[in-house]
Amino acid sequence: MGGCFSDMKGGKQGIGGAEQRPTAMVANSSYGEGPNDAVEFFHRTRGQHPLFTQLELSLSASNLLDCDITSKSDPMAVVFAKKVDGKLEELGRTEVILNSLNPAWINKVAVSYQFETVKRLIFHVYDVDTKYHNIPVKMLNLKDQDFLGEATCVLSEIVTVQSRSLTVNLSNNNGRRGARNLGTLTIHAEETVASRSLVEIKFRCSNLENMDLFSKSDPFLRVSRIVETGGSIPICKTEVVDNDLNPTWKPLCLSMQQFASKANPLIIECFDFNSSGNHVLIGKLQKSVAELERLHKERTGANFLLPSSKNGHEKVLKGQLFVDQFQEKLQFSFLDYISSGFELNFMVAVDFTASNGNPQDPTSLHHISPYGRLNSYQQAIMQVGEVIQFYDSDRRFPAWGFGGRKPDGTISHCFNLSANESAFEVEGVEGIMDAYARALHKVSLAGPTLFGQVIDRAAQIAGESLSHHSNKYYVLLIITDGVLTNFQETKDALVKASNLPLSVLIVGVGGADFTEMEILDADNGCRLESSTGRVATRDIVQFVPMRDVHSGQISAVQALLEELPGQFLTYVRSRDIKPSNLSAAQTSV
């Protein structure tokens, strides 16, 4: 299937770079603590102004325990914050590095630092089983992985070290090192500096040395930044190009935050990929972003060097690095667009299929309690609508039902909750709640469960807005209890809508098997594909099971906003849409 990251075998995909994380403000939001522009905006509308400094943690380890028999461990690190009640709150995860006992992870973990708060951090390192290598790290069940060790420190311990790097010993779960040396973990903290400037660079190499006996090298590049202490922090790596001594890689996007300044030296290393994890260094060189720009302008290459173990001199290699593309861009944040007048327009569609149970029965998902206790549908409408309404100026929301039998006896998969055929909008979140309650008295539950028509209706509205050049982005909330009757129809509708200013949030209520919803969410890296073979332009779906919200695993605000800012930014950036009212000073690179 096209657009599926898992088509590339484990360890060969590119990692890092500014565009692969749509905004640093979204990178780790799914873990509760991580910064999220939209969540912060939500809190600020309520007068809550947290005073903190945003940091990014870079992690590396040495001499890890080897849990594999025929190869080395495949380590991943997970960062937790210890809360006041002693519970651990997950902040983020690194990527998995294959076959390495001395990993230097590229993915950073965001954490907020407050001077007046003692924040205890817990670090767990796991060996990820081979069968999970093509699964996104945030979906991995940690209980299925081999535990390699734990380390703990206070955030203040890191930031008070002059180098902002702290090395701690790994121990077992009870805090003891035991008889076996479990290795060490090094944490480096850097302050996040907001910057709109980024550089898109496309690298190419020629005449690389062949490091393989029976085929050609499988090269990839790793880019690292030199820090003040003299060490280096990996920024990103390209994908692996198989069997090619003259490779061209997909463009890399580096933000000013990553390379600090155009004069700051970067280390660019070219490796021959080996699945064993013992990647062979083909050559390396040191260039600043300014020097890379010069290579592009002059259309010249830079020779790789290879350190010599004999006399300490570096050997100049025949292989060269070229910069085929160098483009400076502006990368605006989610709030840049919102503050410039962009709106998120909220729409909702409610499942009226018979599987919900008779609304008169107290066990029904649609039962409205006479004591004021909200059912699952009401909770979803309130919790999601309460957040989205802040982004919608007129607070008039389209509200539909599907899968119900209307008073005239026809079954509809997209009817107005208001019962007015000509008025599909209602006033505010309370208007949705009232229309929903009235519809339960007028519409009989029927079926089957079909999303296609409401998605098409939402897409029609989103498409019409384009002709008016309006600064609107639409968010459709679908609340459902059941399994889709026509899964392919839904995929077709979503693929068709993927190039429109639209995101679809699906909230699952009840205890149904929501496996298909997870597929629609595309968190496994696979973009949806239509029945005609068309691949979705982008991921526009976020699925949230209410049972996870109810069990306290996630908050409703986080569940809603975890991917929405990134989906919005992917849309506006792909069309080069810029915030409308930023001054020339703000938009200068």
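The values are calculated or read from the model by the stated rules, or taken from the named source; none is laboratory data. Predicted model, so just to flag it, every value in this text is computed and none were measured. Every residue, glycine as well, gets a Cβ built from its backbone with ideal geometry; the counts of neighbours run over all protein chains shown. Heads up: the accessible areas ignore ligands, DNA and RNA and are worked out on the full protein's heavy atoms, side chains in. Shrake-Rupley method; radii C 1.70, N 1.55, O 1.52, S 1.80 Å.
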Rg/Rh over Cα atoms for the chain, Kirkwood Rh, comes to 0.99
Estimated Rh, the stretch 342-403: Kirkwood, alpha-carbon pairs, angstrom:
13.0
Any idea of the accessible area per residue across the chain, 1.4 Å probe, to the nearest Å²?
45
Along the Cα-to-C-beta direction of VAL84, a point sits 7 Å from the Cα; which residues of the stretch 109-130 have their amide N less than 20 Å from that point?
112-122
Run the quick spin-label model on ASP576 and GLN286: label points 7 Å from Cα toward the beta carbon, then report their separation in nm to one decimal.
3.8
Cut-off 20 Å, label point 7 angstrom out along Cα-to-Cβ of LYS318: give me the residues of the stretch 213-251 whose amide nitrogen falls inside.
213-220, 243-248
Where TYR371, TYR126 fall by accessible area, highest first, once all protein chains stay in place (1.4 Å):
TYR371, TYR126
Once amide H atoms are built 1.01 Å from N in the peptide plane, which residues 5 or more positions from THR537, or in another chain, come under 5 Å H to H?
SER498, ASN499
For GLU518 and GLU200 in the same chain, what is the full-extension length gain: residue separation times 0.36 nm, less their Cα-Cα distance, in nm?
111.3 nm
Kirkwood-based Rg to Rh ratio, the stretch 422-465, C-alpha trace
1.03
Cα-Cα over 24 Å, subset of LYS250/LYS284; LYS82/LYS138; LYS83/LYS138; LYS87/LYS131; LYS202/LYS318:
LYS87/LYS131
Could you state how much accessible area ARG294 has, in square angstrom rounded to the nearest 10, with a 1.4 Å probe and all protein chains kept in place?
120
Cα gyration tensor category, rounded, prolate or oblate, for the stretch 372-437 with a/c compared to 1.5:
oblate
1/(1 + (r/R0)^6) with r = Cβ-Cβ of ARG438 and GLN114, R0 = 51 Å, i.e. FRET efficiency to nearest 0.05, evaluates to 0.60
If the chain between HIS296 and VAL161 were fully stretched, how many nm would it gain, using 0.36 nm times the residue separation less the Cα-Cα distance?
44.7 nm
How would ASP212, ASP394 rank on accessible area, largest to smallest, probe 1.4 Å?
ASP394, ASP212
Rounded, prolate or oblate: which one fits the stretch 156-309, using the alpha carbon gyration tensor with axes a ≥ b ≥ c (rounded when a/c is under 1.5, else prolate when a/b beats b/c, else oblate)?
oblate
Give the accessible area for HIS133 in Å² (nearest 10); use a 1.4 Å probe, count only protein heavy atoms, and leave out ligands, DNA and RNA.
40
Kindly state, to the nearest 0.05, the FRET efficiency for THR152 paired with ALA263, given R0 = 30 Å and r defined as their beta-carbon distance.
0.20
Which whole-Hz couplings ³J(HN,Hα) result when phi for each residue of the stretch 338-346 is put into the Karplus expression 6.51 cos²θ - 1.76 cosθ + 1.60, θ = phi - 60°, listed in order with x for Gly and Pro?
4, 6, 8, x, 5, 10, 9, 8, 8
For the stretch 356-427, the percent of accessible surface on carbon and sulfur atoms (probe 1.4 angstrom, ligands and nucleic acids excluded) is 49
Both in Å, the radius of gyration and Dmax of the C-alpha trace of the stretch 255-298 are 13.4, 38
Taking the inverse of the average 1/r across all pairs of different Cα atoms in the stretch 85-196, what Kirkwood radius in Å do you get?
15.7
What number does the stretch 268-427 give for Rg over Rh if you use C-alpha atoms and the Kirkwood radius?
1.37
Compute the distance from the alpha-carbon center of the stretch 431-455 to that of the stretch 277-305, in whole Å.
60
Need one word for the stretch 282-325: rounded, prolate or oblate. Basis is the Cα gyration tensor (sqrt eigenvalues a ≥ b ≥ c); a/c below 1.5 gives rounded, then a/b vs b/c decides.
prolate
Between ASN102 and ASN246, how many nm apart are label points set 7 Å from Cα along the C-beta direction?
3.6
Surface accessible to a 1.4 Å probe, GLU328 within the full protein complex, Å²:
80
Using just the C-alpha positions of the stretch 399-551 as equal point scatterers, what log10 of I(q)/I(0) does the Debye formula give at each q in 0.08 1/Å?
-0.23
In the chain, what % of DSSP beta bridges are antiparallel (nearest 5)?
80
